[in-house]
Amino acid sequence: MVLRWLRDRRRRALSASTFPPAWGAILRRFVRQYEWLDDAERDRLHAFVTIWLDEKRFEGCRGMEITDEVRVSIAAQAGIVALGLEGECFDHLKSVLVYPDDYVGEKTVPIAGGGELVTKEERLGETWAGGSIVFSWPRVVEGGRMRDGPRSVVVHECAHAFDLLDGDIDGVPPIGSSGRRRSWVASFEACHQRFLDALDAGRSVPLDDYASEGLSEFFAVASEAFFQSPHRLARFDEELYDRLAEAWRQDPRRRVPRS
Ligand SMILES: [Zn+2]
């Protein structure tokens, strides 16, 4: 209780501090969405970035140098997805690990009849339930500059981190009362099924195929499109857009230009 009081007091002081102009310059260079925020959203984003840089441990992997560009770019992209989640700083995330490129991770696959197979795969990022989030720096830059269509590794991993807040990564973020949660899940599962049907039918879809891996990846991949290309996502499936707007408590269509 005392620790929380001290933390909140520290956060209030950080939020009220002057945002360094050099960080503002980094945001204008690396985070395209920054220019579309209104004044109140910018103030909230500045507070989020200042708190993240104070509280999270950034670690460079495989020789990656952690500069202000790296820290501010990542924190700001996380802050944009959290704009509607009042006071949410993803406290369960303690460390942010950054690689200079895509990296190789191990994946464990169960084998029919028992046992498991460990395979290697190329990764852009990942979220660990133990409190770490991992990124490939070039992918962070591409997503921040919106150079990779609807893709954004920071949005993707933050969606998993948000999903994790209610206990596990199952595709359902904290959504309110159990009744509200039930109707949200029913609607979101119907959206997922429509996406799978569209994929099966060979229709053009605005989401990466990876969204077919299960409900948790569908939530993460659809969240990327929700923030990066909201108009296209809403044209594809208005109900899916509405469920994500309800979960993230914001409407990116209001700020992101149509073109
Ligand atoms: Zn994922």
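Some observations on this one:
- Within region 210-257, if we keep just the residues that are of a type in the set (A, V, I, L, M) and under 13 Å from the mean Cα position of the chain (by Cα), the residue that is nearest to Glu35 (Cα to Cα) turns out to be Ala225.
- Top-ranked residue in region 167-216 [being in contact with a Phe, Trp or Tyr (Cβ under 6 Å, 6 or more places away or on another chain) and touching a residue at least 40 places away in the same chain (Cβ under 8 Å); ranked as surrounded by the fewest Cβ atoms within 10 Å (Cβ to Cβ)]: Ile175
- Residue within region 230-241 that is in contact with a Ser or Thr (Cβ under 9 Å, 6 or more places away or on another chain), charged (D, E, K, R), assigned to a helix (DSSP H, G or I) and crowded, with 21+ Cβ neighbours inside 10 Å present: no
Quick grid of which residues meet (1) surrounded by 14 or more Cβ atoms within 10 Å (Cβ to Cβ); (2) touching a residue at least 12 places away in the same chain (Cβ under 8 Å); (3) polar (S, T, N, Q):
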site: Leu97; (1), (2), (3): yes, yes, no
site: Val109; (1), (2), (3): no, no, no
site: Ala112; (1), (2), (3): no, no, no
site: Glu122; (1), (2), (3): no, yes, no
site: Ser136; (1), (2), (3): yes, yes, yes
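- When residues of region 62-85 are limited to those that are without any contact (Cβ under 8 Å) to a residue 60 or more places away in the chain and assigned to a loop (DSSP other than H, G, I, E, B), the one surrounded by the fewest Cβ atoms within 10 Å (Cβ to Cβ): Gly63
- Glu126 of a type in the set (Asp, Glu) and either assigned to a helix (DSSP H, G or I) or in contact (Cβ under 8 Å) with a residue 40 or more places away in the chain (or both): no
- Residue satisfying all of: in region 154-174; β-branched (Val, Ile, Thr) and within 11 Å of the ligand (Cβ to nearest atom); nearest to Val31 (Cα to Cα) among these: Val155
- Among residues of region 186-221, those that are under 25 Å from Ile133 (Cβ atoms), part of a helix (DSSP H, G or I) and away from the ligand (no atom under 11 Å from the Cβ), counted: 5
- In region 26-58, the residues that are of a type in the set (A, V, I, L, M), more than 22 Å from Pro150 (Cβ to Cβ) and surrounded by 19 or more Cβ atoms within 10 Å (Cβ to Cβ): Ile26, Ala47, Val49, Ile51
- Scanning region 93-122 for residues that are assigned to a loop (DSSP other than H, G, I, E, B) and either over 30 Å from Val72 (Cβ atoms) or of a type in the set (Lys, Arg) (or both) turns up Lys94, Ile111, Ala112, Gly113, Gly114, Gly115.
- Failed criterion for Gln77 (all others in (1) more than 16 Å from the ligand (Cβ to nearest atom); (2) at pLDDT 95 or above; (3) among the polar types (S, T, N, Q) hold): (1)
- Selection within region 222-244 - within 14 Å of the ligand (Cβ to nearest atom) and without any contact (Cβ under 8 Å) to a residue 40 or more places away in the chain: Ala222
- Within region 245-259, tally of residues that are touching a residue at least 12 places away in the same chain (Cβ under 8 Å) and small (Gly, Ala, Ser): 2
- Criterion (away from the ligand (no atom under 16 Å from the Cβ) and basic (Lys, Arg)) met by exactly one of Arg139, Arg145, Arg151: Arg145
The values are calculated or read from the model by the stated rules, or taken from the named source; none is laboratory data. All of these numbers come straight from a predicted model, not from anything done at the bench. Note that we place each Cβ from the backbone using ideal geometry, even for glycine, and neighbour counts take in every protein chain shown.
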